[in-house]
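Following: one structure in structure tokens, then a few remarks.
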Amino acid sequence: MTRIELTVDGAKVSDDVEPRLLLVQYLRERLGKTGTVIGCDTASCGACTVHLDGHSVKSCNVLAVQADGAEVTTVEGLATDGALHPVQEAFHEYHALQCGFCTPGMIMQAADLLAENPAPTEEQIRQGLEGNLCRCTGYHNIVRAVQHAAGTPGTTAAPAADGGAA
């Protein structure tokens, strides 16, 4: 067992873990952060994306011991003082999900993208999200939501009631 200390969603955590334990397993099984989804276990889908020291990582590709001393933010920790993060709000407003399985990872990746580039083009958004897979939506409303969260002109009108799925 290896002792790790990290901050998860603003709370300091200290724990003994097996060196081979994945960060996604640690977050879900030990800390109850079930918003971090296990999708593929091969770092292909991005459903397990979290922020590690402010940058998005696929937590199925990181060992818990590698997060020792780090700050981890999950989708549960993205909100501030009970208010949803602008990306979370935009995903809700623009119906940027269907089954919701990929949504936590998409939101975390989008938040990181906007932190690095607050005014991305549609192409930059699509490129920035390409490591996160969605099998339901066709990405149209996901891109619109990220544009809205960025305050990109032309995305201020709410989507049609049917969600405008592509």
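Bear in mind that the values in this text are calculations on the coordinates, not laboratory data. Only a predicted model underlies this, so the values are computations on that prediction, with no experimental measurement involved. A quick note on method: Cβ atoms are made from the backbone with ideal geometry, for glycine too, and the neighbour counts reach across all protein chains shown.
Structure data summary
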read-out: Long-range neighbours under 8 Å by Cβ, at least six apart or interchain, first residue more than 23 Å from Asp53 (Cβ to Cβ) and touching a residue at least 12 places away in the same chain (Cβ under 8 Å) within the stretch 108-129, second β-branched (Val, Ile, Thr) and surrounded by fewer than 20 Cβ atoms within 10 Å (Cβ to Cβ); value: Ala119/Thr152
read-out: Meets criteria (surrounded by 14 or more Cβ atoms within 10 Å (Cβ to Cβ) and either assigned to a loop (DSSP other than H, G, I, E, B) or in contact (Cβ under 8 Å) with a residue 60 or more places away in the chain (or both)) for Glu5; value: no
read-out: Which numbered condition Ala67 misses (of (1) buried (at least 24 other Cβ atoms within 10 Å of the Cβ); (2) in contact (Cβ under 8 Å) with a residue 60 or more places away in the chain; (3) under 14 Å from Pro104 (Cα atoms)); value: (3)
read-out: Residue satisfying all of: in the stretch 76-126; out of contact with any Leu (no Cβ under 9 Å at 6 or more places or on another chain) and of a type in the set (S, T, N, Q); surrounded by the most Cβ atoms within 10 Å (Cβ to Cβ) among these; value: Gln98
read-out: His55 over 16 Å from the mean Cα position of the chain (by Cα) and at negative phi; value: no
read-out: Lone unmet requirement of (1) touching a Lys or Arg at 6+ places or on another chain (Cβ under 6 Å); (2) farther than 23 Å from Leu113 by Cα for Leu27; value: (2)
read-out: Any pair with Cβ under 9 angstrom, 6 or more apart, that starts in the stretch 32-44 at a residue that is on the phi < 0 side of the Ramachandran plot and without any contact (Cβ under 8 Å) to a residue 60 or more places away in the chain and ends at one that is among the aromatic types (Phe, Trp, Tyr) and assigned to a loop (DSSP other than H, G, I, E, B); value: none
read-out: Candidates Asp112, Asp81, filtered to the one that is farther than 14 Å from Val8 by Cβ and within 12 Å of the chain's Cα centre (by Cα); value: Asp112
read-out: Failed condition for Ser44, given (1) surrounded by 15 or more Cβ atoms within 10 Å (Cβ to Cβ); (2) part of a loop (DSSP other than H, G, I, E, B); value: (1)
read-out: Candidate set: the stretch 23-44, residues that are out of contact with any Pro (no Cβ under 6 Å at 6 or more places or on another chain) and of a type in the set (A, V, I, L, M); chosen: the one nearest to Asn132 (Cα to Cα); value: Ala43
